Amino acid sequence: MTYDHTVIDELKREFGEKNLVLQETRDEMPTVYVPQDKVEAVLNFLKNKIARPYKMLYDLTAIDERNRTHREGLPEGDFTVVYHLMSFERNSDVRIKVALQGEYPSVKTVTNVWANANWYEREVYDMFGIKFEGHPHLRRILMPDTWEGYPLRKDHPARATEMGPFQMPDDKLDKEQEALKFKPEEWGLQRSSEDTDFMFLNLGPQHPGTHGVLRLILQLDGEELVDVVPDIGFHHRGQEKMAERQTWHTYLPYTDRIDYLGGVMNNFAYVLAVEKLAGIEVPDRAKVIRIMLSELFRIASHLVWYGTFAQDVGQMSPVFYMFNDRERIFDIVAAITGDRMHPNWFRIGGVAQDLPKGWEKLVKDFVDYFPKQLKTYDKLVMKNKIIKARTVGIGAYTTEEAIEWGVTGPGLRATGLEWDFRKKRPYGGYDQFEFEIPVGQHGDCYDRAMVHVEEMRQSLRIVEQCLKNMPDGHYKSDHPLTTPPRKERTMKDIETLINHFLNVTWGPVMPVGEAFFGIEATKGNNGFYLVSDGGTNSYRTRVRTPSFPHIQMVPYISRGHTIADLLAILASIDYVLADVDR
């Protein structure tokens, strides 16, 4: 990925060189510190005034700088707020930072610049205690309202052993139960209008389909949705906090549990970010193995979506057929990796092992079998009159609206924008493969479904190319920071044995710096932003998941529809709550 650095010159001309502090990063993304009082103006300029603008707020996060030792040449600050912007016209990104002083600092909100900044700013407040002046509803989003402390601060405990035993006395139970009550006035919602009283209905928290535990509070005028308030966080497990306490390689199994339907796809984004940080080149055979497993998991994830999509809008049979086909993929995955849903099989520098004998037959059998299944499902689901009546024209949005809300993946392509990171920013060897980018036209539930279905056909094309063109060679790099390192000389000289022992037990020591890498995951763009302070574990790991902004957009595309339409909208999005909550 080559970034457009002319944006730096444009910022200098607009705001003056003295207001900008440039930072060199391992990923070479243009990174600029701006003064606290200029951040809103800079971001507004990049979105609305610059040529070929940065229309998408891709991510917004923060860093607790207080324990960091390597900050040479950077502005002093106790915390840093990080804005990651994306330009589709430039096919490039820029990272804007603002350094903040004090234990509980604040900065102006940018919810008036981007709609999707709302949840991102709430998350930063929830995790770090940083306030955003002018935010319309600044309260916790992932943690309970009763939580004490800010989990991603360095002084917050990272393990249960660092905290007292959990207790739930009656008075605390009463307090927690009271906090769960929904009070419409706190969200700016009215209980009645001039001619009607509104009803407030809890949809959840339960486990609809296999999407995860989600609560939606519906404001209803009869059957019509006046507004929707998503309540997330039931799946929050502190992924980013765990990444700071684990070594670079022992964090890998945790990534599998983020989009728990995406399997090795979670490994992929993480190892690519670490490899960018360390400057590791991966052998061709390892690249193709990674792509083959990733595309098999894309099909497996889409099959879960396909079956539950049909189920959520009233069809019962498809989910059983599609889960059966998913088992066929898991048979291949298990034969290659030893596990099914969470194989934890990618490694820094390659993969855990070479492909086993007989893998070709397993993959070929599936490649031959699956196309006729997709044709059957077309007749069963996509051509079904009831499915079309429930989904065509429902929950539609434009390309501009999708970009405003941070939508990526099938949801973005359903609006007609031919944007796939495997094509636009080829990574991991995807530039060597032939496949098409399916797109829709209307951005509605049906088009989102259609794009998912066509993507399975394209993934099958990629898997078949992997089968026919698997290169020879090593399945792992010989770079000294790979984990575990290659073992050819382990028992032949003491230096290699020591290196192997230290890399496996303590883990590799990564160079000081920062790196981001994003991939086209099953549900959209999944990216890891890593900060190394020169140790055996990450100083800061940020996991940008696609489901988080997608769920944030649900109220916007649901207002004016019915409850039945809402279920179709949720079904079409393809989200997993562990991907939302991390």
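Elements of the type helices (runs of 4 or more DSSP H) sitting completely within the stretch 472-582 and holding at least 2 residues that are polar (S, T, N, Q) and touching a residue at least 40 places away in the same chain (Cβ under 8 Å): these cover 547-552. Name the residue that is surrounded by the most Cβ atoms within 10 Å (Cβ to Cβ), counting only residues in the stretch 462-487 that are more than 16 Å from Asp354 (Cβ to Cβ) and either of a type outside the set (A, V, I, L, M) or touching a Lys or Arg at 6+ places or on another chain (Cβ under 6 Å) (or both). The residue in question is Thr483. Checking each residue in the stretch 3-23 for being in contact (Cβ under 8 Å) with a residue 40 or more places away in the chain and part of a loop (DSSP other than H, G, I, E, B) picks out Tyr3, Asp4, Gln23. When you scan the stretch 127-150, do you find a residue that is among the polar types (S, T, N, Q), assigned to a loop (DSSP other than H, G, I, E, B) and surrounded by fewer than 17 Cβ atoms within 10 Å (Cβ to Cβ), even just one? Scanning the stretch 127-150, I find at least one residue that is among the polar types (S, T, N, Q), assigned to a loop (DSSP other than H, G, I, E, B) and surrounded by fewer than 17 Cβ atoms within 10 Å (Cβ to Cβ), so the answer is yes.
His236: under 15 Å from the mean Cα position of the chain (by Cα), part of a loop (DSSP other than H, G, I, E, B) and over 23 Å from Met456 (Cα atoms), yes or no? Walk me through how you get there before you give the answer.
Details: under 15 Å from the mean Cα position of the chain (by Cα): yes; part of a loop (DSSP other than H, G, I, E, B): yes; over 23 Å from Met456 (Cα atoms): yes.
Against the criterion (under 15 Å from the mean Cα position of the chain (by Cα), part of a loop (DSSP other than H, G, I, E, B) and over 23 Å from Met456 (Cα atoms)), His236 qualifies.
So, Leu201, is that one part of a strand (DSSP E or B), hydrophobic (A, V, I, L, M, F, W, C) and not assigned by TED's automatic domain parsing to the domain that holds Thr308 or not? Yes: the conditions hold for Leu201. Taking the criterion of being surrounded by 15 or more Cβ atoms within 10 Å (Cβ to Cβ) and either in contact with a helix residue (DSSP H, G or I) (Cβ under 6 Å, 6 or more places away or on another chain) or closer than 22 Å to Gly428 by Cα (or both), the only residue of the stretch 488-503 that qualifies is Thr490.
Out of Gly409, Gly393, Gly428, report the one residue that is over 15 Å from His550 (Cβ atoms), in the same structural domain as Asp325 (by TED's automatic domain parsing), within 21 Å of the chain's Cα centre (by Cα) and small (Gly, Ala, Ser).
On the way: Gly409 fails: over 15 Å from His550 (Cβ atoms); Gly393 fails: within 21 Å of the chain's Cα centre (by Cα).
Result of the check over Gly409, Gly393, Gly428: Gly428.
Among the residues of the stretch 329-348, those that are under 22 Å from the mean Cα position of the chain (by Cα) and either on the phi > 0 side of the Ramachandran plot or among the aliphatic types (A, V, I, L, M) (or both) comprise Met341, Asn344, Ile348.
The number of residues in the stretch 320-361 that are part of a loop (DSSP other than H, G, I, E, B) and aromatic (Phe, Trp, Tyr) comes to 1. Would you mind stating whether Asp37 is of a type in the set (Asp, Glu), assigned to a helix (DSSP H, G or I) and in the same structural domain as Val113 (by TED's automatic domain parsing)? Judged against the criteria, Asp37 is a match.
Here Leu11 fulfils each of the conditions (1) more than 28 Å from Gly428 (Cα to Cα); (2) buried (at least 17 other Cβ atoms within 10 Å of the Cβ); (3) in contact with a Lys or Arg (Cβ under 9 Å, 6 or more places away or on another chain) apart from (3).
Each row is one residue, and each column tells you yes or no for (1) aromatic (Phe, Trp, Tyr); (2) within 26 Å of Ala269 (Cα to Cα); (3) out of contact with any strand residue (DSSP E or B) (no Cβ under 9 Å at 6 or more places or on another chain); (4) buried (at least 16 other Cβ atoms within 10 Å of the Cβ).
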{"site": "Val313", "(1), (2), (3), (4)": "no, no, yes, yes"}
{"site": "Phe320", "(1), (2), (3), (4)": "yes, no, yes, no"}
{"site": "Ile332", "(1), (2), (3), (4)": "no, yes, yes, yes"}
{"site": "Thr337", "(1), (2), (3), (4)": "no, yes, no, yes"}
{"site": "Arg347", "(1), (2), (3), (4)": "no, yes, no, yes"}
{"site": "Trp359", "(1), (2), (3), (4)": "yes, yes, yes, yes"}
{"site": "Val363", "(1), (2), (3), (4)": "no, yes, yes, yes"}
{"site": "Phe370", "(1), (2), (3), (4)": "yes, no, yes, yes"}
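For the stretch 81-106, the tally of residues that are within 21 Å of the chain's Cα centre (by Cα) and in a strand (DSSP E or B) stands at 13. Please indicate, with yes or no, whether at least one residue in the stretch 204-212 is out of contact with any Ser or Thr (no Cβ under 8 Å at 6 or more places or on another chain), surrounded by fewer than 17 Cβ atoms within 10 Å (Cβ to Cβ) and not in a strand (DSSP E or B). So far as the stretch 204-212 goes, yes, one or more of its residues are out of contact with any Ser or Thr (no Cβ under 8 Å at 6 or more places or on another chain), surrounded by fewer than 17 Cβ atoms within 10 Å (Cβ to Cβ) and not in a strand (DSSP E or B). Considering the conditions (1) over 26 Å from the mean Cα position of the chain (by Cα); (2) touching a residue at least 24 places away in the same chain (Cβ under 8 Å), Pro30 is excluded by exactly one of them, (1).
Answer yes or no: is there a residue in the stretch 271-286 that is of a type in the set (D, E, K, R), assigned to a loop (DSSP other than H, G, I, E, B) and farther than 29 Å from Asp478 by Cβ. Step through it out loud before you land on a result.
Step one: filter the stretch 271-286 for residues of a type in the set (D, E, K, R), giving 275-276, 281, 284-285.
Now narrow it down to the ones that are assigned to a loop (DSSP other than H, G, I, E, B): 281.
The next check asks that each one be farther than 29 Å from Asp478 by Cβ; those that pass are none.
Scanning the stretch 271-286, I find no residue that is of a type in the set (D, E, K, R), assigned to a loop (DSSP other than H, G, I, E, B) and farther than 29 Å from Asp478 by Cβ, so the answer is no.
Tell me yes or no: at least one residue of the stretch 275-285 is surrounded by fewer than 22 Cβ atoms within 10 Å (Cβ to Cβ), under 21 Å from Asn469 (Cα atoms) and not acidic (Asp, Glu).
Step one: of the stretch 275-285, the residues surrounded by fewer than 22 Cβ atoms within 10 Å (Cβ to Cβ) are 279-281, 283-285.
Adding the requirement that they be under 21 Å from Asn469 (Cα atoms) leaves 281, 283-285.
From what is left, the residues that are not acidic (Asp, Glu) are 283, 285.
Within the stretch 275-285, one or more residues are surrounded by fewer than 22 Cβ atoms within 10 Å (Cβ to Cβ), under 21 Å from Asn469 (Cα atoms) and not acidic (Asp, Glu).
The values are calculated or read from the model by the stated rules, or taken from the named source; none is laboratory data. Everything quoted here is computed from the prediction, not taken from an experiment. Virtual Cβ from ideal backbone geometry, glycine too; neighbours counted across all protein chains shown.
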